Amino acid sequence: MAASRTTRRRKARRRADMSLLGGIRPPITVLSVLLLALAGFTAFSLGTVHEDRLPEAVLTSQQHFAEDGAIALRASLDESVTDLERAAALFSTGKPVAPDAVLDRIGSVYQKWRGTAVVEIGSGRLLAARGENLPLTAIDRTRLSGAGGLAPRMVRMPGGETRLLTLSLLNWKDQPQQLLVASSSLRFPGISLGRFRSIAVVGSDGAVLSSDGIPQPEMVAENQRADVKRDTKQLASFARTAAKKTRANPLTAKEPGSGGFPGVSGSLLGGESGGDRAAAGYAGLAGSEAGTGTTATSLDLTVVAMVNVPQNPARTSDAFAGMVLAGALLLVGALVVALLLATVQRPLLALFLDSRRLTRGNLTRPVAVPRGAEAARIAAALERLRLQLRNGTPAVPAARARHKRRTGARTLLALCAVLLLAWCVPLGLLVNRAGDAVVVPQQLVNDQRERTDTLNDRVRRALNEGQADLLSVASLMDGDTTPEHMTAVLERTADEHARYQALYVLDPAGKILAKAGGTPKAADGKGPRKDPVALDDRGKSPVVVATAPVPGKAGTAVVGELRIDFLNALLKRPGLGEIRVVDSKHRIIASNGGYRAFQKLDDDRLDALVDGSALKVGMAPRPGSVLYRSGGDHVIAAAAAFSGGGPAGDLKWTVVSWQSAKGLAIQEYSLQNRTVLAGLLGFAVGAACLGWLQIIVIAPLRELARRAEALADGDRRTVLYPRHHDEVGAVTRSLEIIRQQLQQRQQQRKQAAGQPSAPAGKN
């Protein structure tokens, strides 16, 4: 008999083990594994956060600086090609123009080309030339009609400098076909280098095609020539490495989740000298959108920006704090798991075995009453049911008021949650908080200023180029030009340049003679504005108006209204944070994020920075930057006022940018972020596993306790349905079997006494 009982118990345990697919064991097991993994993550992650002698944030900033240079160079080269092609197309639509007149008109509108020339294609004769001598022998006139025959090409000048030759055709009826040639230097327009920085354009073979920032050795003192030679050698080394890296596919070269710049970019570390370390960023020329190419991107050029940065003293990582936090989590986790095992899992498994024993008719041994309110209530109900099955006595409601009150499963679950929160909450709010001790490298403040100044120059040049395009259009009109011809020219310009939302020609009385694009918003019935670039602020949204007078027709001008979205697109620069373009009254005109037109900055420190950057130091204003505390965080801000040539300089606008240092790869913030992440992971693990336990086990267990007591009190009519196929479900099925057995006995007693029996299983 003892052997048979042992065999039955083993079989019952094996059946209980089958509930591992659901029930009490999986959530506790998963909780144990996840807490152990989180402890390992905490020890490793917090113990390995350290700051290199050159912070990662500085390297990332150099990468963004090179990306700015690549964007500026690509835009400049593409704009140069587009302007020449459009100018040639506009000349070709009218009457034949003398070659000298063509170059004079182009030179009066655009000052971007180093040299221009007109060549007769058939004979190769030079018809006109302006500026530097062009290497026309590098152009094969016999292949101009083939595929890519008019594509821009790079040539080496006799002095060693590299030029980009742009070609376009001049076609008139009954006239020999002519070739318009313009040369551009591969230098960066308006890049603010600051001090100790150099920037270079690199070819596909790694050769430096042009560079700025490093003077020639003969231009510096004798004691500085060694530094110049070292920097030149280091820049050449960076150039070769960058040229190899930019050949990679952008999808595979970029880290997952990185965005902003659509091309290949990165950072490099160089050698040390006198406590400084050479750092560089590189970026290949890429289109405005991923996967799109332009004329400039086909040249396979790379931009490299290098700067010498002072290194921080060596700092080692503190692994002790991470080990302490991991050890604390192990203690808390062990206590939580032990509490769940002792008060929930073991009593429930004991109930499962006892309930199965009763259904098999083994009624001799009393049911053990475990700890826990629900488990104790179910065990007490099973014991009463055992007596009813064994003795055949009718059910008598129990006096529950005399039962000792026990701690419920929900209370135990809440206690486990409190224990886990006691570890998670301090990590998110108290431990490793970055305070006043945060050290923001000065190089980041300098880079914010220089990049903002570069962006300011790009916006100003974009407005100047828009007005220059209108000058080119106006040069093709005169007093004899018909409205139909004006409309055709305007529509062609609107199709080629998406920067305009409306183009029209105004006469002195304010009458629109021709228009293209959308409905004019700044036309007020008056004559053209005198300012070549002006802001119309009379409406709900700002309107930038560019004006170009028509030669030979006094008071008549071509007017273009620029899209604000065009300016907003120029401000999309990664790593600069929030960017705003404000006017002289500090009203927001354009932004890289959401904003309300003509809204104020609403920050006294930013207002003071804008005012300070507008003050002239010498002949022009200087960009400024500042590092200040705001809301417990460090904020890096910079501002640069419009300066330089062109009609847009009279707008008195300022580009201001700011970003929190909290999002930068600085050691103190990295440690804080990882600590908060560990706390959030702990909270997520506890919420998921304890919530799982509450839904799958605790809630059904409380309902089962109520049903079991009702059955023991004499409710034979309510059928017990298991919710899940687990331990609680198995106990529920056992109680249903017991209910059916008791109901059958009740019917047998009534039949023996000659009473009619009630239908079974009625709810």
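Calculated FRET efficiency, Ala328 and Thr411, Cβ-Cβ r, R0 35 Å, to nearest 0.05? Provide the component values of the computation, followed by the final result.
Values: r = 24 Å, r/R0 = 0.68.
Efficiency computed from Cβ-Cβ geometry: 0.90.
Projected label points at Arg371 and Gln111, each 7 Å from Cα along the beta carbon direction, are separated by 8.8 nanometres. Highest mean first, the peptides 189-199, 587-597 sorted by other C-beta atoms within 10 Å per residue fall in the order 189-199, 587-597. Taking only Cα atoms, what is the 0 to 90° angle, nearest 10, from helix 699-712's long axis to the longest principal axis of the chain? Approximately 20 degrees, to the nearest ten. Annotation: amide H-H contacts under 5 Å for Asn171 (H modelled 1.01 Å from N, sequence separation of 5 or more, or interchain): Ser92.
Highest average first, the peptides 727-738, 205-216 ordered by how many other beta carbon atoms sit within 10 Å of their residues are 727-738, 205-216. Of all aspartates and glutamates in the structure, the ones whose alpha carbon falls short of 14 Å from that of Lys553, not counting any fewer than 8 places away in one chain, are Asp478, Asp480, Asp507. The largest accessible area among Arg749, Arg371 belongs to the first residue in Arg371, Arg749, and the rest follow in falling order (1.4 Å probe, all chains).
Extension gain for Ala569-Arg156 works out to 145.2 nm (0.36 nm per residue, less the C-alpha to C-alpha distance).
Considering all alpha-carbon pairs of region 592-631, what whole percent are spaced by more than 15 angstrom?
Numbers: 431 of 780 pairs.
Percentage above 15 Å: 55.
Between Asp604 and Leu36, the distance separating the two model label sites (each 7 Å from Cα on the Cα→Cβ line) works out to 5.8 nm. For the chain, the longest principal axis of the Cα atoms and the long axis of helix 225-245 meet at an angle of about 60 degrees. For Phe320, the solvent-accessible surface computed with a 1.4 Å probe is close to 150 Å², ligands and nucleic acids excluded. Summing +1 for each Lys or Arg and -1 for each Asp or Glu among the other residues whose beta-carbon sits under 10 angstrom from that of Asn446 gives +2. Among the protein heavy atoms of the chain, carbon and sulfur supply 54% of the accessible surface, probe 1.4 Å, non-protein parts ignored. Residue separation of Glu491 and Arg629 scaled by 0.36 nm, minus their Cα-Cα distance, works out to 44.5 nm of gained length.
Largest first and in whole Å, the equivalent-ellipsoid semi-axes of the chain read 80, 33, 25, each the square root of five times a Cα gyration tensor eigenvalue.
Legend: calculated FRET efficiency, Leu677 to Ser288, from the Cβ-Cβ distance at R0 = 51 Å, rounded to 0.05, equals 0.90.
The accessible area of Cys424, taken with all protein chains in place and a 1.4 Å probe, comes to roughly 10 Å². 3J(HN,Hα) along region 329-334: 5, 5, 5, 5, x, 4 Hz, from the Karplus curve 6.51 cos²θ - 1.76 cosθ + 1.60 with θ = phi - 60°, whole Hz, x for Gly and Pro.
Provide Val102, Val431 ordered by accessible surface of protein heavy atoms (probe 1.4 Å), highest first.
Ranked list, largest accessible area first: Val431, Val102.
Thr519 sits with roughly 110 Å² accessible to a 1.4 Å probe, with DNA, RNA and ligands left out of the calculation.
Take region 436-581 with all the other protein chains still there, run a 1.4 Å probe, and you get 40 Å² of accessible area per residue.
Pairs exceeding 26 Å between alpha-carbon atoms, taken from Lys540/Lys652; Lys95/Lys526; Lys600/Lys652; Lys233/Lys616; Lys112/Lys540: Lys95/Lys526; Lys233/Lys616; Lys112/Lys540.
For Asp276 and Ala147, the FRET efficiency from 1/(1 + (r/R0)^6), where r spans their Cβ atoms and R0 equals 56 Å, is about 0.70. Judged by the gyration tensor of its Cα atoms, with axes a ≥ b ≥ c, region 204-250 is prolate; a/c meets the 1.5 cut and a/b is the larger of a/b and b/c. Semi-axes of the equivalent ellipsoid of region 431-565 are 42, 15, 13 Å, computed as sqrt(5λ) over the eigenvalues of the C-alpha gyration tensor in descending order.
Accessible area, 1.4 Å probe, largest first: how do Thr359, Thr493 sort?
Thr359, Thr493
Ranked from largest, the principal axis spans of the Cα set of region 621-763 equal 115, 35, 23 Å.
Projecting label points 7 angstrom from Cα along Cα→Cβ for Arg717 and Phe196 puts them 9.1 nm apart.
Relative to the longest principal axis of the Cα atoms of the chain, helix 442-474 runs at roughly 50 degrees. Relative to the 2.2 N^0.38 Å rule of thumb, region 92-237 has a C-alpha radius of gyration ratio of 1.32. Close amide H contacts of His634 (hydrogens built in the peptide plane, cut-off under 5 Å, sequence separation of 5 or more or a different chain): Ala661, Lys662.
The values are calculated or read from the model by the stated rules, or taken from the named source; none is laboratory data. All values derive from a computational prediction rather than experimental measurement. Here Cβ is always computed from backbone atoms with ideal geometry, including for glycine, and neighbour counts include all displayed protein chains. Heads up: the accessible areas ignore ligands, DNA and RNA and are worked out on the full protein's heavy atoms, side chains in. Shrake-Rupley method; radii C 1.70, N 1.55, O 1.52, S 1.80 Å.
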